[in-house]
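Comments concern the structure below.
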Amino acid sequence: MSMEDIVNRCGEWLRGTGPESDIVMSSRIRLARNLADYPFIRRCNDIDKANIESTVRERIVANPNLDRLNFINVAELNLLDRQLLVERQLISRELANSEGARSVAIDEPEQLSLMVNEEDHMRLQVIKSGFDLDGAWELINHLDDEIESKITYAYAEQFGYLTACPTNVGTGMRVSVLVHLPALVITKQVEKFFRSAQKMNLVVRGLYGEGTQAMGDFYQVSNQVTLGKSEKDLIYLVEDVIGKVLEYERMAREVLINEKQNDLFDKVSRAYGMLRSAQQISSEETMHLLSRVRMGVSLGLIGELEIPDINQLFIQTQPAHLQKIHSSELDTDARNIERANYLHDQLKLDNGDDPQVN
């Protein structure tokens with residue numbers, strides 16, 4: 001699997017085919033696992049890391065039930081390619097920026113990924129389009145069972161799976177849902193959502209998880225602690241909160257349509273016009289404007305565009321993706337110009353006409 005293969009295709013979670021995909025971009029479940037025979041990563045030396053990476057790779061490659069996973073040696077990638085995988089949500093910033101032997105195994109639809117030598121020896125991840133935590137759990141539970149049949153995990157009867165971070169001890173499971181909440185932002189109700197999540201022991205982060213700010217009105221909601229909770233408990237908790245968030249966002253969109261229609265149309269049309277006419281545009285501004293357009297598409301205000309089109313633009317206009325598409329490294333000013341040109345090309349119809357706001 002080459003980096004060009006990845007940049008030129010659409011991952012399953014971007015396709016907008018899952019339940020409630022007008023608001024929920026993706027559902028993700030991650031499991032932290034460690035090999036019983038080695039210390040945690042922060043206590044590992046370079047030889048330990050190399051042995052962990054080779055052990056995981058050899059055991060998975062030898063398992064015919066996991067032959068859909070393709071390994072990429074992250075340590076051998078250049079900075080741009082590592083950043084591309086981060087933007088794609090296939091690896092974390094920590095794995096991209098760390099040192100020593102490390103890799104990631106990915107399936108072609110980009111639903112499954114397995115990071116080796118991140119904060120833990122292994123981070124298993126399943127990411128699906130829309131609000132589909134049950135589907136994500138079924139996939140990752142099967143993947144975990146297959147790996148555990150070949151590798152002995154660090155596990156204690158009293159505590160469960162042992163992890164580098166105490167908050168992950170137990171199931172080692174992080175359940176997260178990426179939601180798009182432009183109406184709650186516009187109506188200034190999003191802070192209520194934050195407070196409700198905190199009361200339920202959930203955390204709200206930006207698009208790329210821990211340590212990132214919200215961009216484009218996207219928020220990642222996940223559980224904070226796993227100890228003492230079963231996998232099903234954690235899924236039910238997040239499902240319950242996201243169900244309420246969906247209700248609030250839909251109500252806020254209805255208010256905008258019924259009571260502030262002119263203001264809503266103005267926000268959507270201005271955003272759309274700027275994306276199609278700007279001569280240079282930053283990644284952050286692009287995310288903000290695409291968020292407005294995505295809401296407009298969801299509400300039927302923009303014809304000829306669909307949610308998957310906008311989802312793809314969110315990713316393709318990120319710095320690393322843009323440079324890979326352009327086949328050259330670009331400084332910030334050049335990226336802003338190239339991003340504007342790319343948006344112009346992508347937001348025109350086949351006949352050359354511009355789509356219209358209804």
Checklist entry - Does Ile302 satisfy the condition of being surrounded by 20 or more Cβ atoms within 10 Å (Cβ to Cβ), of a type in the set (Val, Ile, Thr) and at pLDDT below 95? => result yes
Checklist entry - So which residues in region 209-238 are touching a His at 6+ places or on another chain (Cβ under 8 Å), at positive phi and at pLDDT below 80? => result Gly216
Next on the checklist: Anything in region 165-202 that is crowded, with 17+ Cβ neighbours inside 10 Å, modelled with pLDDT under 90 and either among the aromatic types (Phe, Trp, Tyr) or within 21 Å of the chain's Cα centre (by Cα) (or both)? List them, or say none.
Outcome noted: Asn168, Val190, Phe193, Ala197, Leu202
Item to check | Those residues of region 226-268 which are of a type in the set (S, T, N, Q) and surrounded by 16 or more Cβ atoms within 10 Å (Cβ to Cβ), in sequence order | outcome: Thr226
Item to check | Residue in region 76-127 that is surrounded by the fewest Cβ atoms within 10 Å (Cβ to Cβ), counting only those that are in contact with an Asp or Glu (Cβ under 8 Å, 6 or more places away or on another chain) and part of a strand (DSSP E or B) | outcome: Ser103
Next on the checklist: Let me spell it out: the conditions are (1) touching a Lys or Arg at 6+ places or on another chain (Cβ under 7 Å); (2) among the aliphatic types (A, V, I, L, M); (3) in the same structural domain as Leu181 (by TED's automatic domain parsing), and Leu246 meets all of them except one. Which number is the exception?
Outcome noted: (1)
Item to check | Residue match in region 148-155 (condition: β-branched (Val, Ile, Thr) and either surrounded by fewer than 18 Cβ atoms within 10 Å (Cβ to Cβ) or more than 28 Å from Ile242 (Cα to Cα) (or both)) | outcome: yes
Next on the checklist: When you check Tyr272 against the structure, is it closer than 21 Å to Gln316 by Cα, under 27 Å from the mean Cα position of the chain (by Cα) and among the hydroxyl-bearing types (Ser, Thr, Tyr), yes or no?
Outcome noted: yes
Item to check | Filter result for Ala32 (of a type in the set (A, V, I, L, M) and either assigned to a strand (DSSP E or B) or over 30 Å from Ser327 (Cα atoms) (or both)) | outcome: yes
Checklist entry - Can you find a residue in region 171-182 that is of a type in the set (Lys, Arg) and not in a loop (DSSP other than H, G, I, E, B)? => result yes
Item to check | Counted residues, region 274-314 - those being closer than 17 Å to Ala183 by Cα and in a loop (DSSP other than H, G, I, E, B) | outcome: 3
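The values are calculated or read from the model by the stated rules, or taken from the named source; none is laboratory data. Keep in mind that this is a model prediction, so the values were computed, not measured. So basically every Cβ, Gly included, is an ideal-geometry build from the backbone, and we count neighbours across all protein chains shown.
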